[in-house]
Structure formats: C-alpha cells, structure tokens
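> Pasting a structure here, questions to come.
The values are calculated or read from the model by the stated rules, or taken from the named source; none is laboratory data. Keep in mind the model is a prediction, meaning the values are calculated, not measured. Here the Cβ positions follow ideal geometry from the backbone for every residue, glycine too, while neighbour counts run over all protein chains shown. Areas reflect the complete protein model, heavy atoms only, side chains present, ligands, DNA and RNA absent. Shrake-Rupley method; radii C 1.70, N 1.55, O 1.52, S 1.80 Å.
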Amino acid sequence: MVNILSLTIKEVSLAFREGRISPTELCRKCLNHIKKTQHLNAYITVTEELALKQAQEAEIRLQKGVPKGPLDGIPFAVKDNFCTENIKTTCASRMLKDYTPPYNATVVQKLIDQGGVLMGKTNMDEFAMGSGSTDGVFGPVRNPWSYAAPYREQTGADADSNWVIAGGSSGGSGAAVASLSSYLALGSDTGGSTRNPGALCGVVALKPTYGLVSRHGLIPLVNSMDVPGIMTRSANDTAIVLGILQGHDVRDSTTIPSSSSLTELPEDFDVRNICVGIPKEYHAPGLSQETVAHWSRVADMFERAGARVEQVSLPHTQYSIVCYSVLCHAEVASNMARFDGLEYGHRSKVDSSTEAMYASTRHEGFNDVVRRRILSGNYFLLKQNYQHYFVKAQQVRRLIADDFKQVFRSGVDILLTPTTLTDAARYSDFTQEDNQTRSVQEDVFTQPVNIAGLPAVTVPTALSNRGLPIGLQLIGPALQDRKLLSVAQWIEQRVEFPSISDCGHSARVGRMQE
C-alpha cells in the first residue's frame, strides 16, 4: 500500500485531481501524524483549525474544477521566525513568546494565495542562532531518523536516550518534512540553517540566490545574508515551490525580478555538457571518511555519465568562518536593538528606570547565545574597532565572493561539496560543546555561499553506517537556481535515497502508514 504521506507534491496534486484523496482527508492525516510524532518537538504551534478551514476551501475549488495550482490543498509548515497573521511567531525565544504579528511574511502569503494549507510553526534555535535546534526556549528537536529501523539496528540504540539532533537552526522544518507531517517547509538560511538540517534529516533543502525570494516578514538575523529556504522531499517539488515564491517584492528592496516562470524540471537532464568543480579547500578537518567516500562516489557518477569533473581552488575559504562570525555578530547586535521591551515582545517588571527596564528585559528575554553575539557584535562595531574588524571582514567577504566568480568564469558550472562534516550527532554528544564552537564547526561548508549570495542545495545521497542520512551540497552561480535543481534531481534519480516510510519504525512513532 502506498503511503500517501510519503508522496511528492506533484503526486499528491495528481491524487487530488483523480479523486483518490481529498484535501480535507489529507489535512486530517497530517494533523494526526503531527500528534503521533509529537515527541520529535518539530512544531511550536499547530494551526489545526486554520488548516482544516484552508483544506475545505481547497476541496471546494477542486470540486468546481478550478484549483489554484500545484500547491492547492498541499500541507506546509513554516519556521517560527516568519511572521504569520494572528498566529504566534516566537523565534523560539522568551523575548517573543507571546508575539502575534498583524501580517503574513511575503513567502507565507504567496503559499496561502496558492491554496497551501498551513499546518503550523516549526521549532528552531533561538532567533535562528545555532546549528542543532537545541537552544530554543521550547526545547530541542529530535531527528526522525533516530526512530527509524536503520539507526536502531546499526547502533542498537534506545531512541529515547540516544536520539540524534535534527540540525539547525531550521531543525523543526527539517523534522516536519522528514517525518512526513508536511510536504514542504520554509526555513531561513543565514549561514546554512536550511541546508544543515536538510542534510541531517535526509531532505532536499535549497538556499536560493540572495534577492530572488523576499525577506519581508522574516525576522532578521543578518540582513545581508538571510534568505528564506525551501525544504521538500524532492528537487522537483523544490522547483515548484521556488517558482511560486521567487520574484520582486515592493516590500523588500533587495529583491530582483525572477528570470524564469514556474515550470517543472526536465526529467532527463543531460550532464554531458556540464563541468563539476570539486573545491580542494573543502577537505576540512573533522570531515568523516564516510562523507568523503560518498562525495567521491557522486563525483565518479558524474564522470561516468560524461560530465567534466575537475579540482578547483577557492583560496580564501579558510578565512570565511572568521569573516562570517564578525559580520554575523555585528548585524545581530544591530538587529537585536529593536527588542527593548517598549514596542512588542517581553517587558521586564523592573521599573526603577528606563535603562534598568531595558537591561532587565534583554537579560530575561534573550538566552546566553543571543546575548554573547550581541556583546561581541557591539565590540566589533566600537569606533576604535570598526576598521579593524567590520571593514576588514567586508573586504575578505569580497575576496571570497571573487573566488567563486573566478571559478564559475573559468568554465565550471557547478560545485560539488559536502554539506556537513558528519551525519547527525547524538544530542548528548552535541551539547558537550558551546553553541559558538558547534556553529563554527557545522557552518564550515555552508556559510561561504551566504557570504557570496549564491544559490546552493543539499541532496540526500546515502545512509551512513549508523543508519543516518548523509547529504551533499551543490553550489551554482547567481540566479542559476533552476539549473542547480536540475543537477540535484539528476543525482536524486541515481542515488535512490530511501524514504523514511520504507525504513520501518519503532512502536513509538507507529508504522507511518495511515
């Protein structure tokens, strides 16, 4: 029996049109599945009433023969740092625990306008600062693969005590898509926050070209690097969603008109005409032998299929993590200044003076991670430090962007790299180190792309010896998102990564057969 929850968006859309299932039935299945997989802690808010109402509206349109498009009636989830009208948007922080925005983020509105059914808001690291989704005020997110048979059989692990992280900071979105409670989810990607959980949860995760998708309504972390990310279970689904989300937005001055209209990817992309670059600097310390082996395997696949594969150099890669840290913390310090207890969000009861109220509000509202980044960011922006840190980091940023430009000008079409150093770490191991150290380690392959504003996608390629997903990353030139996804689909068709629904689950999760 085919599990309807494990189908792609395209397949579900067809099932609707053929009358095999209705949007309302599917919505109920997803809502039940969210309840069954509650222990994953993927959702902060479940919007059950709204979802059923939107599903009923989609059903009426389908019955009348006037569906809005490929997303009509499709359940989706949204990371809890995108504003949603009359639905709490918390950024997994005490500072915004009771904040309800009066408007929708542009990307959320576009999905709703296309008939998407909003299942809820997903868990994350506080204010998207982290790489494990372990530091939010609502607790850590568990990786659905912790409960799948491959992990339990390979490690003999008791999933309740040895569960692995979902990655971050968009771990809730990754877990929602991987656990089959949602067909697509929005994440945000500032230094890898969509691709990291995508790789660890075994889903396709795209960071679009900077400016291609509107940031309006995304609560900012680093304005010059933030991009809404798309997480789905196939490259073609990602292309469908990107086609809907991309384009100019009058509310975001950094957006650009989209170059291509909404079309699906070609089924048979010819890789014989492309050149794949393998950056030598991405053989980083801590990179697992297994990841290297799968990286080589996919590179060999390209070569056997007639693509040109060559080693390339991105010489300033070694400076990128330091450059990223300085720029990230400086912009965080600026962006977090708005949370002062006056206009919205948490307000301290301390009222001895305005300054005391500010200080107390921010101390109570932010966790240690956010406070540390604010402090270091303000240090980098001090008059006596500005040239030495911030300006210098901007100069290095330009050099990193130029490295990519040079490689792509030399005839390379796409870069193939690891997404993460290893498969997902056990929560108990991951939390041994502080957030900043972990982020520096985990962002090593992902953040250079944000610095340069380029598109990148992670594709699940294999299960590790521990039975956990390993993903590889493709990086393309600016605005070549569609070509990037075509290559991602080519890989997808050949590696045959298993669906979690085919892998058997512990009683706690249920059979995942509805």
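> What aspartates and glutamates does LYS36 reach when the alpha-carbon gap must be under 19 Å and sequence neighbours fewer than 8 apart in one chain are set aside?
Answer for LYS36, where 19 Å is the Cα cut-off: GLU25, GLU48, GLU49, ASP158, ASP160, ASP502, GLU514, listed by chain and number.
> A further question follows. Put a dot 7 Å past each Cα toward the Cβ at ILE256 and HIS39; how far apart are the dots in nm?
Placing both labels 7 Å along Cα→Cβ, they lie 4.7 nm apart.
> Now for a separate question. Using just the helices of the chain, give the 222 nm mean residue ellipticity in deg cm²/dmol: DSSP H runs with n ≥ 4 each add -39,500 (n - 2.57), and the total is spread over all residues, rounded to 500.
Dividing the helical sum by the residues of the chain leaves -11500 deg cm²/dmol.
> For the pair ARG17/TYR103, report the inter-label distance in nm, with labels modelled 7 Å from Cα in the Cβ direction.
3.5
> With a ≥ b ≥ c taken as the square roots of the eigenvalues of the C-alpha gyration tensor of the chain, please select rounded if a/c is under 1.5 and otherwise prolate if a/b is larger than b/c or oblate if it is not?
Taking the square roots of the gyration eigenvalues as a ≥ b ≥ c, the chain is rounded.
> Over segment 1-152, what relative contact order in percent results from Cα pairs under 8 Å that are six or more residues apart?
25
> Next question, about the same structure. Normalise the Debye intensity by I(0) for segment 301-398, one equal point scatterer per Cα, no solvent, then take log10 at q = 0.11, 0.16, 0.18 Å⁻¹ and round to two decimals.
Debye output, listed in q order: -0.51, -0.76, -0.87.
> Oh, and also: Quick check on segment 349-478: what are the equivalent-ellipsoid semi-axes from the Cα gyration tensor, as sqrt(5λ), descending, whole Å?
36, 25, 11
> So if R0 is 30 Å, what FRET efficiency would LYS280 and ASN3 give, r being the distance between their Cβ atoms, rounded to the nearest 0.05?
0.10
> So if each residue of separation counts as 0.36 nm, and I subtract the Cα-Cα distance between LYS405 and GLN154, what length gain in nm does that give?
Gain on extension, LYS405 to GLN154, equals 86.1 nm.
> May I ask you to derive the relative contact order of segment 458-504, considering only C-alpha pairs under 8 Å and at least 6 residues apart, and to give it as an integer percent?
About 39 percent, as a whole number.
> Hey, any idea what Rg/Rh is for segment 87-169, computing Rh the Kirkwood way over Cα pairs?
Expressed as Rg/Rh, it is 1.10.
> Could you give the length gained on full extension between LYS10 and ARG398, defined as 0.36 nm per residue of separation minus the Cα-Cα distance, in nm?
135.7 nm
> Can you work out the accessible area per residue across segment 170-318, with the rest of the protein chains kept in place, probe 1.4 Å, in square angstrom?
32
> Please report, as a whole percent, how much of the solvent-accessible surface of the chain comes from carbon and sulfur atoms (probe radius 1.4 Å).
Carbon and sulfur together cover 49 percent of it.
> So what is the relative contact order of segment 110-205, in percent, for Cα pairs below 8 Å that sit 6 or more residues apart?
Taking the mean separation of contacting Cα pairs over the length of segment 110-205, I get 28 percent.
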